[in-house]
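A.B. asks: Mind looking over this structure? Questions follow.
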Amino acid sequence: MQMLTRTIQGFDCMASRLVLRRSLVVSLLCAAACLVVWPAPAETAGFRVIVNSENPVSTANGNFVADAFLKKVNEWSDGLGLEPVDQRTNSETRRAFSLAVLGRSVAAVRTYWQQRVFSGRGVPPPELDGDVEVVRYVGAHRGAIGYVSEAANLDGVKVLTIH
Amino acid sequence: MSKLLSWIGAATLALCVCREDPAYAQESPAPLVDIHGFVSQGFIKSTDHNYLGKSERGSFEFTEVGLNVTKELGHNLRTGVQLFARDLGTIGNLKPQFDWFYLDYRFFDWLGLRAGRTKLPFGLFNEVNDIDSARVPILLPQSLYPVQNRDYLLAQNGVELYGNVPLGAAGALEYRAYGGTIFLDTSAQPIIVSLDIPYVAGGRLMWSTPLRGLEVGGSLQALRLDVEYLFPQPLVAAAQAGGSVPSTFDGHLKAKMPVVLWVGSALYQSGDLLLAAEYSRWRAHIESSVPELLPEVTENERLYGMASYRVNDWFWPGAYYSLFFPDIVQTREDRAHQQHDLAATARFDLTENWLVKLEGHYMWGTAVLSSAENGGISLDKLNRSWGVFLAKTTAYF
């Protein structure tokens with residue numbers, strides 16, 4: 001009889017644990033679904049993404065921009081070669097861009113490039129000194145894409161809206 | 001001689017790649033040739049047993065050096081070469097070798113072709129197993145990325161197809177598929193008369209999920225090792241006396257070993273946080289001329305979970321738990337058939353190009369140890385609980 005009681009208690013305990021676990025799993029799935037269904041818009045506070053003024057593209061998906069800077073995509077939709085250009089690693093603009101668009105810190109992105117460089121998978125985009133150099137470069141290259149601070153003079157380039 | 005040939009090869013490539021499309025060179029702010037390199041020096045100290053060399057007394061035989069040259073010859077064509085040398089206990093002895101070399105032509109973002117000696121995409125970190133600056137731990141989880149097996153697992157000579165396929169709201173797929181062979185230098189292992197790998201083929205598929213920073217995927221690899229051993233007569237006589245081989249055994253052993261390896265991987269990166277977990281099995285069917293010496297089937301199980309978080313610009317701690325069962329067909333039970341490894345690392349980035357790491361391991365089990373490095377004592381007689389401490393500094397550019 002005692003054995004039967006213990007067995008029933010055991011099942012009871014297991015059942016309540018299962019219910020708890022199920023609730024936890026459901027909660028986690030809901031949270032994950034929220035993240036998937038309502039992705040946060042790419043915050044662009046602290047920087048602007050710029051392209052050449054002749055580039056027909058005016059808006060782009062945040063994932064596309066991230067993949068362009070990580071060189072996972074290498075062409076615009078019309079087949080024109082993408083030419084991403086970074087700012088120096090100590091730049092506040094780069095810090096803001098990296099977190100908002102790439103979803104990683106500048107240090108994590110540097111690690112990504114270490115992995116690519118030393119395994120023969122590619123080299124990082126060139127780094128330029130600041131806004132003036134980036135605007136000049138993007139203005140001179142039709143396939144170029146860069147980012148500058150909000151205060152930068154944007155003559156010869158246009159802002160790419162990220163959605 | 002091989003050292004000289006290696007450097008001549010690198011210099012030749014550097015000269016060749018400088019002769020390129022002048023229009024492209026003028027337009028690009030990138031350097032004419034990308035040159036990168038690293039130098040690592042480590043120290044390893046273990047308690048109770050020797051692990052990766054004579055570590056019980058403390059060993060500085062823990063060195064890696066690499067130098068690569070890469071050149072983009074336009075938007076679609078790239079070529080490169082890396083020289084690498086290392087010393088880790090009895091492995092490497094600073095003999096320089098071509099780590100990788102390739103020419104890479106990308107037709108589209110979703111289709112590219114690489115030919116040459118390319119690193120094997122197996123799991124999340126196989127390609128950076130010897131690149132200290134590209135990760136937090138000094139030793140990657142040894143269940144999946146054993147440094148002793150680097151020569152077998154690191155690179156192949158052949159071709160590779162690769163690409164990135166956007167899936168819209170569903171994320172993106174990144175694939176790589178390869179086929180070729182593996183060249184192994186067995187000159188340092190006198191009992192191996194010949195070793196041939198007629199084929200290696202495999203691939204990796206990674207899905208960048210809609211949850212930003214989360215990637216999941218899997219890798220599969222198949223290869224066959226055709227090996228011929230010649231055991232020294234005293235060892236043969238001892239084995240015959242112990243009854244483990246037939247009295248007709250003359251020391252020659254031929255074996256064909258088709259091996260299949262797979263790994264499932266999950267990686268989450270957000271801001272300065274990295275979480276990774278992988279599970280893997282490696283299975284070999286062995287056809288041997290002396291079946292008493294080698295099992296017909298062997299299968300092992302490997303897994304780990306790892307986390308790291310960059311606290312600030314210079315401090316980057318990390319930890320992992322790694323588990324390895326070398327022969328699950330036989331048993332998972334005794335100390336010689338399991339290896340638990342709990343590791344903690346502190347990475348200090350002193351400058352943008354110089355880092356120092358400290359790492360401690362609590363080990364339970366003896367499966368990753370070698371009897372030969374531990375006085376010939378059988379693994380099931382060695383202490384099951386032991387520790388490893390490592391320090392390493394790396395400069396890179």
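The values are calculated or read from the model by the stated rules, or taken from the named source; none is laboratory data. Keep in mind that this is a model prediction, so the values were computed, not measured. With ideal geometry, Cβ positions are generated from the backbone for all residues, glycine too; neighbour counts draw on all protein chains shown.
A.B. asks: Return the residues of the range B:307-352 that are at pLDDT below 95, charged (D, E, K, R) and over 17 Å from A:V109 (Cα atoms); say none if nothing qualifies.
C.D. replies: Within the range B:307-352, B:D327, B:R332, B:E333, B:D334, B:R335 qualify.
A.B. asks: Can you name every residue in the range B:47-80 that is surrounded by 21 or more Cβ atoms within 10 Å (Cβ to Cβ), in a loop (DSSP other than H, G, I, E, B) and touching a helix residue (DSSP H, G or I) at 6+ places or on another chain (Cβ under 8 Å)?
C.D. replies: B:H49, B:Y51, B:L52
Here's the yes/no breakdown for (1) more than 10 Å from every other protein chain (Cβ to nearest Cβ); (2) under 22 Å from the mean Cα position of the chain (by Cα); (3) of a type outside the set (S, T, N, Q):
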{"site": "A:L102", "(1), (2), (3)": "no, yes, yes"}
{"site": "A:A108", "(1), (2), (3)": "no, yes, yes"}
{"site": "A:Q115", "(1), (2), (3)": "no, yes, no"}
{"site": "A:G122", "(1), (2), (3)": "no, yes, yes"}
{"site": "A:E127", "(1), (2), (3)": "no, yes, yes"}
{"site": "A:H141", "(1), (2), (3)": "no, no, yes"}
{"site": "A:L154", "(1), (2), (3)": "yes, no, yes"}
{"site": "A:V157", "(1), (2), (3)": "yes, no, yes"}
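A.B. asks: Related question: Filter the range B:154-169 down to the residues that are touching a Phe, Trp or Tyr at 6+ places or on another chain (Cβ under 9 Å) and within 30 Å of B:L211 (Cβ to Cβ), then identify the one that is farthest from the other protein chains (Cβ to nearest Cβ).
C.D. replies: B:L161
A.B. asks: Just the residues that are more than 9 Å from chain A (Cβ to nearest Cβ), over 20 Å from B:F324 (Cβ atoms) and of a type in the set (A, V, I, L, M), please, taken from the range B:109-135.
C.D. replies: B:L111, B:L113, B:A115
A.B. asks: In the range B:353-376, how many are charged (D, E, K, R), farther than 15 Å from B:P141 by Cα and either touching a His at 6+ places or on another chain (Cβ under 7 Å) or modelled with pLDDT of 95 or more (or both)?
C.D. replies: Selection size over the range B:353-376: 1.
A.B. asks: Take B:P141 and tell me if it is more than 19 Å from A:F118 (Cα to Cα), more than 8 Å from chain A (Cβ to nearest Cβ) and over 10 Å from the mean Cα position of the chain (by Cα).
C.D. replies: For B:P141, the condition - more than 19 Å from A:F118 (Cα to Cα), more than 8 Å from chain A (Cβ to nearest Cβ) and over 10 Å from the mean Cα position of the chain (by Cα) - is met.
A.B. asks: Restricted to the range B:199-235, and to residues that are in a loop (DSSP other than H, G, I, E, B) and within 14 Å of chain A (Cβ to nearest Cβ), which residue is surrounded by the fewest Cβ atoms within 10 Å (Cβ to Cβ)?
C.D. replies: Per the stated criteria, the residue is B:L211.
A.B. asks: Would you be able to say whether some residue in the range B:26-38 is modelled with pLDDT under 50 and within 14 Å of another protein chain (Cβ to nearest Cβ)?
C.D. replies: Yes, because at least one residue in the range B:26-38 is modelled with pLDDT under 50 and within 14 Å of another protein chain (Cβ to nearest Cβ).
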